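Okay, structure first, notes after.
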Amino acid sequence: MGSCCKIKNLLGGTLVIVCIMSSCIPPGCMIKKAEFKNCTNDTIFIGVSHYDNIDSVYDIVFPKYVSNDTTYISQWNGMNIHTFDFIYPDSMCVTGENYLFANSDTCYFFLIKRGDAKSVSYSWDKICSLHLFRKRIVVRNKEGEYDTNIR
């Protein structure tokens with residue numbers, strides 16, 4: 001009975017310490033979500049870049065919903081792309097705001113329609129060479145606000 005109480009006290013004390021330590025993390029170090037809404041009529045993939053060049057896409061915006069379709073599509077610019085990486089019309093999607101605006105107040109979204117990607121068998125090179133993408137520039141103002149509707 002005594003060792004059971006010791007274990008409970010040890011676990012309780014550890015939990016208190018973890019809670020205290022996590023409250024000491026500076027707000028700037030916390031990952032803040034950036035949520036967007038797909039206001040297009042298309043199912044789209046959104047590649048993210050800090051540069052005005054589709055070949056500099058380094059990350060994606062993820063759908064906020066969970067999809068059971070894990071079908072592998074292709075590798076685009078070093079990223080494994082799956083069916084669940086596409087965002088349906090009128091759906092919410094999310095990425096880390098810290099990553100979007102790490103070095104500047106501007107980032108670039110490259111939008112690829114699923115239908116266009118399918119028409120060239122999901123090839124990154126074909127999508128780029130045929131310019132089967134649209135670009136959207138996201139700019140954060142002095143108050144830290146930016147347009148969250150993707151049109």
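The values are calculated or read from the model by the stated rules, or taken from the named source; none is laboratory data. Just so you know, these numbers come straight off a predicted model, no measurement behind them. Note that each Cβ is placed from the backbone with ideal geometry, even for glycine, and that neighbours are counted across all protein chains shown.
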Practice item. Can you give me the ranges of the helices (runs of 4 or more DSSP H) entirely in region 83-143 with at least 3 residues that are modelled with pLDDT of 90 or more? Key: 114-119, 124-129
Review point. Just wondering, is there one or more residues in region 64-71 that are at pLDDT below 95, surrounded by 13 or more Cβ atoms within 10 Å (Cβ to Cβ) and either basic (Lys, Arg) or under 17 Å from the mean Cα position of the chain (by Cα) (or both)?
Key: yes
Practice item. Collect the residues in region 83-116 that are closer than 17 Å to Leu132 by Cα, in contact (Cβ under 8 Å) with a residue 60 or more places away in the chain and either touching a Leu at 6+ places or on another chain (Cβ under 7 Å) or of a type in the set (Ser, Thr, Tyr) (or both), keeping them in residue-number order. Key: Tyr108, Ile112
